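Notes follow the structure.
The values are calculated or read from the model by the stated rules, or taken from the named source; none is laboratory data. Here the structure is a predicted model, which means the values were calculated and not measured. With ideal geometry, Cβ positions are generated from the backbone for all residues, glycine too; neighbour counts draw on all protein chains shown. Note: accessible area is taken over every heavy atom of the protein model, side chains too, but ligands, DNA and RNA are not part of it. Shrake-Rupley method; radii C 1.70, N 1.55, O 1.52, S 1.80 Å.
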Amino acid sequence: MTTTAIPAEAKRAPAPAPKRRPKREREGAAWVFLSPWVLGAIVLTLLPMAVSLYLSFTDYDLFNPPKWVGLRNYVQMFTEDPRYWRSVVTTLTYVVIAVPLQLALALVVALALKGMKRGKAFYRSAFYAPSLLGASMSIALVWRAVFNDGGTVDNLLGTGGWVNKPGWALLAVALLTVWQFGAPMVIFLAGLQQIPAELYEAAAVDGAGKWRQFLSVTVPMLSPVLFFNLVLQTIQAFQVFTPAFAVSAGKGGPADSTLVYTMYLYDRGFVASHMGYASAMAWVLLLVIGVVTAVLFRTSRSWVFYASEGDR
């Protein structure tokens with residue numbers, strides 16, 4: 001009877017599992033990697049916000065120490081400053097014009113790109129380019145020249161320069177924002193590509209035409225993406241500055257027709273050196289954006305459809 005020798009390696013006990021690092025050591029490593037972001041958030045965001053909140057209750061002109069005045073800046077803003085309220089109305093008008101037009105154009109282009117079979121990547125990049133360029137001062141100055149007296153629009157339509165007419169200047173600013181529809185367009189296109197083709201096939205079998213399919217299939221399934229774009233573009237629209245500043249040559253004219261909120265904030269803080277007043281304006285803007293965003297989230301329950309909720 002022969003016996004088979006067992007290799008020495010097989011007789012060895014299995015190697016012990018590696019020791020897990022102590023929890024405190026793992027957390028320490030995590031904080032090391034997070035420290036650049038945390039430091040940047042504190043130094044570049046939270047600390048300036050705290051200083052701005054303090055300055056909003058002071059009289060500060062950038063050259064002398066701030067003097068505590070309590071709520072005087074806020075009282076003056078709401079009761080004694082008619083230009084402040086003109087900037088509020090101008091900004092609200094701008095938001096109501098620019099955001100719906102931009103989202104509508106972005107959705108139309110996304111629908112057109114979805115049906116393309118050739119050149120989709122090229123046209124997607126071409127339509128996205130204005131979103132990269134439109135926020136620059138150089139493009140805004142070109143836009144001013146296009147809508148100025150003797151510019152392209154004047155030569156084509158014979159309406160005169162829009163930037164010099166109180167009733168048309170804000171529309172010229174809004175159209176610059178509408179032209180930058182690339183970012184929401186890409187997001188819409190990604191959402192459209194996630195809608196199952198079976199839904200359109202079922203709707204077609206039921207006799208639904210293209211328009212009915214758009215209303216009954218595309219809009220409900222795309223509503224989360226539409227809501228995301230709506231919130232994002234609304235927040236950005238309230239903070240518009242560069243287009244209005246360039247088109248109006250930094251004056252908010254003609255007749256304060258392009259005096260948006262952030263431009264008046266800039267005027268109070270850096271032109272008139274009323275930094276305390278400007279800080280108060282900034283905090284009011286922050287609160288308004290927060291309230292508007294909360295309202296959008298609250299009302300979204302009645303029109304935003306999530307597929308996971310439909311499966312319950």
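For labels at Arg118 and Gln194 in the simple 7 Å Cα→Cβ model, what's the distance in nm?
3.1
Remind me, relative contact order of the chain in percent, using alpha carbon pairs under 8 angstrom and six or more residues apart? Walk me through the numbers on the way to the answer.
Values: 324 pairs, mean separation 79.8, N = 312.
So the answer I get is 26 percent.
How much net charge surrounds Asn148 when only other residues with a Cβ under 13 Å from its Cβ are counted (Lys, Arg +1; Asp, Glu -1)? It would help to have the intermediate numbers written out before the result.
On the way: positive: Arg144, Lys165; negative: Asp149, Asp154.
Local charge sum for Asn148: 0.
Provide, in order from the shortest bin, the percent of all Cα-Cα pairs of region 104-188 in each 10 Å bin, continuing until the bin that contains the maximum pair distance.
17, 38, 29, 14, 1
Of Asp206, Asp81, Asp61, which is the most mobile in a GNM of the chain whose springs link Cα atoms less than 10 angstrom apart?
Asp206
Could you let me know the centre-to-centre spacing of region 270-299 and region 179-235, using Cα atoms, in angstrom?
Cα centroid of region 270-299 versus Cα centroid of region 179-235: 32 Å apart.
Only Cα pairs within less than 10 Å get springs; with that Gaussian network setup on the chain, which residue of Lys120, Lys165, Lys210 has the largest fluctuation?
Greatest mean-square fluctuation among the candidates belongs to Lys210.
Once the whole set of protein chains is in place, how much accessible area is left on Met137, using a 1.4 Å probe, in Å² to the nearest 10?
80
Among Ile97, Ile195, Ile42, determine the one that fluctuates most according to a GNM of the chain built with springs between C-alpha atoms less than 10 Å apart.
Per the Cα network of the chain with a 10 Å cutoff, Ile42 tops the list.
Amide H of Asp59 versus every other amide H placed in the peptide plane: which residues, excluding those fewer than 5 positions away on the same chain, fall under 5 Å?
Those qualifying (amide H under 5 Å, at least 5 residues apart or on another chain) are Lys67, Trp68, Val69.
What is the percent carbon and sulfur in the accessible area of the chain, measuring with a 1.4 Å probe over the protein chains and ignoring ligands?
Numbers: 12830 of 19190 Å².
Accessible surface attributable to carbon and sulfur in the chain totals 67 percent.
I need the calculated FRET efficiency for the pair Ala50 and Leu287, taking r as the beta carbon distance and R₀ as 22 Å, to the nearest 0.05.
Working: r = 16 Å, r/R0 = 0.72.
The formula returns an efficiency of 0.85 here.
Under the rule a/c < 1.5 gives rounded, and otherwise a/b versus b/c splits prolate from oblate, where does the chain land using the Cα gyration tensor? Mind dumping the intermediate values first?
Working: a/c = 2.41, a/b = 1.35, b/c = 1.79.
Oblate, because a/c is 1.5 or more while a/b does not exceed b/c.
Could you do me a favour and compute the accessible area per residue for region 89-182, 1.4 Å probe, result in Å²?
Dividing the accessible area of region 89-182 by its residue count gives 52 Å².
Nearest 500 deg cm²/dmol is fine: what mean residue ellipticity at 222 nm does the chain get from its DSSP H runs of n ≥ 4 alone, each adding -39,500 (n - 2.57), divided by its residue count?
Rounded to the nearest 500, it is -19500 deg cm²/dmol.
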